[in-house]
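Below is one structure, written out as structure tokens; comments come after it.
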Amino acid sequence: MVDIYIIDLLVIGLLLLIVTLGSGWIARLPLSFALIYLVVGILLGPYGFGLIQLRRDEIFNAEVLERITEFVVIISVFSCGLKIVRPIGWKSWNLTTRLIALLMPISIFGLAVVGKLFLGMNWGEAILLGAILAPTDPVLASEVQLTDTHDQDELRFGLTSEGGLNDALAFPFVYFGLYALKDSNWNNWLKSWISIDLFWAIAAGIIMGFIVAKAVVWIDKKVQKRRRPDELMEDFIAISTILLTYSLTEIVNGYGFLAVFVAGLVVQRSYKNSEKILAQLEFIERLEKLLEVGTILLLGSILLFQPILNYATQSLLVIVLLFLIIRPLGVWLSTIGQSSSSRHRFLHPGSRWLIGWFGIRGVGSLYYLAYAFGKGLESEVAEKISWITYTTIVVSVIVHGVSATPLMNMYERRIARSQAVHESSTIDEFE
């Protein structure tokens, strides 16, 4: 009898061959690669061939899911940092600041209110749900992000920088929800949460991202002067930067996701040779695409019909309110008075609505959910939060995946071109 592992390799190989050779046709359709992976994952799960078994004997291996999604996210946020070329500054990053400092708290609080008022949750459970679902995903949103290091589009920049940062900056609220689950008396842990999980961890993430990336770049340049590394191996410098930054930051209790994003920004600005950055970006993006396949296959394989049906009404309520009201309204409020990067015009209303629509949920939410499992989330509330999260991600893969191509094509035709003349006059400011 053939080993299941060998069959898994066979199926994944066939899947990669089909989506690769058919990518030219798929890219033209209102269809995302993630949706294909999700369907295949379902077929490989318990309702299909049973080849992927993250659930076995009614036991769910959350640690495997946590580690896989953790690695996918750090690869993705580093890629986001590498794509962004505009200098760090209040005016040039004003849109990002609004999306992180205003939109994310609005989203978390909005979802928490839904959990409290309509889902029968206490505030700790509701805030945890909000923190898990609030961040947009950098992995599944590649079609609406910056295309390369020359792309200066404000919509794509906003979605890329938001995706790179909010997966890290939702962490304090995840901790808040977990603390509140264990101890309903907030006074017992609130000061510690503010000082350590809010201020220290964010500051440590920023500082470590800068220091580690600078150190790796300095060592790389010194070695390059003496003897250039093997060309095939050189792109692995990006992987080493990611792993060193993440691990060292976690050791000092900082937010590793934030540090890795900062490291990507630092690396982008530290080499005069733009070809080196492009080579690293291409390598990381290929790795990201491969990891996306595995992660979405896993998601599809852990879906179960009966639990999804049991929480369908609550999930549908969260999805409708999040996708159609909380996120779009939050973006609209957060971007009031926001000008485009040309500083001569307000951000186009169409761009604001598209930012509101493309609040894609995915791998980041899976990671936070698995992380919460490992930190004590259990029993009925764990079931409720997990199946609401899975269902939200599945619906996001479907509706955002189907709408991404036509909406971005429309955006390029009607909005981006009309702003090109205004944007081109200030591109030099961001180089």
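The values are calculated or read from the model by the stated rules, or taken from the named source; none is laboratory data. Small disclaimer: the values here were computed from a predicted structure and weren't measured. Note that each Cβ is placed from the backbone with ideal geometry, even for glycine, and that neighbours are counted across all protein chains shown. Heads up: the accessible areas ignore ligands, DNA and RNA and are worked out on the full protein's heavy atoms, side chains in. Shrake-Rupley method; radii C 1.70, N 1.55, O 1.52, S 1.80 Å.
Give me a count of the residues in the stretch 396-426 that are modelled with pLDDT of 85 or more, open to solvent by 40 Å² or more (accessible area, probe 1.4 Å) and either closer than 30 Å to Gly120 by Cβ or aliphatic (A, V, I, L, M) (or both). Final tally of qualifying residues: 5. Selection of the stretch 177-191 for residues being open to solvent by 20 Å² or more (accessible area, probe 1.4 Å) and of a type outside the set (D, E, K, R) yields Tyr179, Leu181, Ser184, Asn185, Trp186, Asn187, Asn188, Trp189, Leu190.
Mind listing whichever residues of the stretch 131-176 are closer than 22 Å to Ile88 by Cα, among the aliphatic types (A, V, I, L, M) and open to solvent by 20 Å² or more (accessible area, probe 1.4 Å)? Scanning the stretch 131-176 gives Leu165, Leu169. Of all residues in the stretch 338-349, at least one satisfies being assigned to a helix (DSSP H, G or I) and either of a type in the set (A, V, I, L, M) or open to solvent by 20 Å² or more (accessible area, probe 1.4 Å) (or both).
Within the stretch 353-374, take every residue that is more than 18 Å from Leu169 (Cβ to Cβ) and either of a type outside the set (A, V, I, L, M) or outside any helix (DSSP H, G or I) (or both) and give me the one that is most open to solvent (accessible area, probe 1.4 Å). Per the criteria, the residue is Trp353. Considering Leu38, Leu44, Leu95, Leu31, the condition of being at pLDDT below 90 and surrounded by 17 or more Cβ atoms within 10 Å (Cβ to Cβ) is satisfied by Leu44 alone. Tell me, which residue of the stretch 190-221 that is without any contact (Cβ under 8 Å) to a residue 12 or more places away in the chain and β-branched (Val, Ile, Thr) is nearest to Gly124 (Cα to Cα)? Only one residue tops the list, namely Ile194. Quick check: is even one residue across the stretch 346-361 without any contact (Cβ under 8 Å) to a residue 60 or more places away in the chain, touching a strand residue (DSSP E or B) at 6+ places or on another chain (Cβ under 7 Å) and of a type outside the set (Asp, Glu)? Scanning the stretch 346-361, I find at least one residue that is without any contact (Cβ under 8 Å) to a residue 60 or more places away in the chain, touching a strand residue (DSSP E or B) at 6+ places or on another chain (Cβ under 7 Å) and of a type outside the set (Asp, Glu), so the answer is yes.
Selection of helices (runs of 4 or more DSSP H) fully inside the stretch 24-138 by the criterion of at least 3 residues being of a type in the set (Asp, Glu) and touching a helix residue (DSSP H, G or I) at 6+ places or on another chain (Cβ under 9 Å) returns 62-83. Residues in the stretch 192-230 that are of a type in the set (Gly, Ala, Ser) and surrounded by 14 or more Cβ atoms within 10 Å (Cβ to Cβ): Ala201, Ala204, Gly205, Gly209, Ala213, Ala215. All conditions in (1) modelled with pLDDT under 95; (2) open to solvent by 30 Å² or more (accessible area, probe 1.4 Å); (3) part of a helix (DSSP H, G or I) hold for Ala382, with the sole exception of (2).
Surrounded by fewer than 22 Cβ atoms within 10 Å (Cβ to Cβ) and in contact with a Phe, Trp or Tyr (Cβ under 9 Å, 6 or more places away or on another chain): is that true of Thr20 in this structure? No, not satisfied. So is Gly13 over 24 Å from the mean Cα position of the chain (by Cα) and open to solvent by less than 20 Å² (accessible area, probe 1.4 Å) or not? Considered against the rule, which asks whether it is over 24 Å from the mean Cα position of the chain (by Cα) and open to solvent by less than 20 Å² (accessible area, probe 1.4 Å), Gly13 comes out as no.
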